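For reference, the structure is listed below as structure tokens.
Please treat every number below as a calculation from the coordinates, not as lab data. All values reported here derive from a predicted model rather than from experimental measurement. Please note: Cβ atoms are built from the backbone with ideal geometry, for glycine as well, and neighbour counts cover all protein chains shown.
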Ligand SMILES: Nc1ncnc2c1ncn2[C@@H]1O[C@H](COP(=O)(O)OP(=O)(O)O)[C@@H](O)[C@H]1O
Ligand SMILES: [Mg+2]
């Protein structure tokens, strides 16, 4: 159906990201070409320092590539330059400490131009869907780590993203809490029909997603294709050949 060519949510072509310059230059991401299609479910795995967060930030438009291009053919751009419809869940605390939970969830909508009352209604609806209504008036520093991550997920989902990028969203949680947060994330993503990429070095988390992209030393490998020797069907995520 050609969706990978025409309907990619994000496409990287020959992307590299280098930090610093000269002798001190560090190549965090190297020669990466990939696409994410609607409703893809991808675990981005690899050891600490292999470039997972850097690639996620490139996919999110949070930082520019040093070489190559990152584009969002479907999503376009939000008023402040980030791709619209791409939501990010970070590993650590990301809630604004002076705003209560409902205002934290509503805040990005307000920034995006949604009228305050409507933003608040949508925030309350999102909290309700994630079972967080009782926490609506709580301040972030009264929440547990798992509750904070669920609020961060609600905040991303109320913006109705087409793609959710989660950077080790359970990395600071114990295993049981982490499993619950992954459940919440994947249910919510399925609910809104979004694609999802989760970076993790936990195989139990990776097993919950449909595909695995493995990184080592800044380069990207696609385990599913390595296993079958075939390129995934059109419409699913893929790495693009021909880059060394
Ligand atoms: N802002 C930065 N400045 C300098 N080096 C960085 C920066 N961000 C990441 N790096 C380096 O890039 C490499 C990849 O880091 P990262 O993408 O965070 O890996 P991962 O998320 O897989 O642990 C590491 O060597 C890291 O030290
Ligand atoms: Mg990281």
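Residues within the reach of a label modelled at residue 141 (point 7 angstrom out along Cα to beta-carbon, backbone nitrogen below 14 Å), restricted to segment 84-124, are 95-100. Helical runs (DSSP H, four residues minimum) scored at -39500 (n - 2.57) apiece and divided by the length of the chain put the mean residue ellipticity at 222 nm at -9500 deg cm²/dmol.
What FRET efficiency comes out for residue 14 versus residue 160 if R0 is 30 angstrom and r is the Cβ-Cβ distance? Round to the nearest 0.05.
On the way: r = 31 Å, r/R0 = 1.04.
Working from the Cβ atoms, E equals 0.45.
For the pair residue 208 and residue 118, a Förster radius of 35 Å applied to the C-beta separation gives a FRET efficiency near 0.60, rounded to the nearest 0.05. Counting only alpha carbon atoms, the long axis of helix 175-192 and the longest principal axis of the chain meet at about 90°.
When DSSP beta bridges are limited to those with both residues in the chain, what percentage is antiparallel, rounded to the nearest 5?
Working: 18 of 36 bridges.
Percentage antiparallel, nearest 5: 50.
Note: relative contact order over the chain, using C-alpha pairs below 8 Å and six or more positions apart, is 31 percent. Computed from Cα atoms, the angle from the helix 101-111 axis to the main principal axis of the chain rounds to 60 degrees.
Centre-to-centre, using Cα atoms only, segment 37-113 and segment 170-217 are separated by 15 Å. For the chain, the longest principal axis of the C-alpha atoms and the axis of helix 116-129 are separated by about 80°. On full extension, the segment bounded by residue 62 and residue 96 gains 10.4 nm, given 0.36 nm per residue less the C-alpha separation. In vacuum, with every alpha carbon of segment 3-239 counted as one equal point scatterer, what does the Debye formula give for log10 I(q)/I(0) at q = 0.07, 0.08, 0.09, 0.10 Å⁻¹? Two decimals, please. Log10 of I(q)/I(0), two decimals: -0.22, -0.29, -0.37, -0.46.
Estimated from the Cβ-Cβ distance and a Förster radius of 30 angstrom, the FRET efficiency linking residue 174 and residue 217 is about 0.50.
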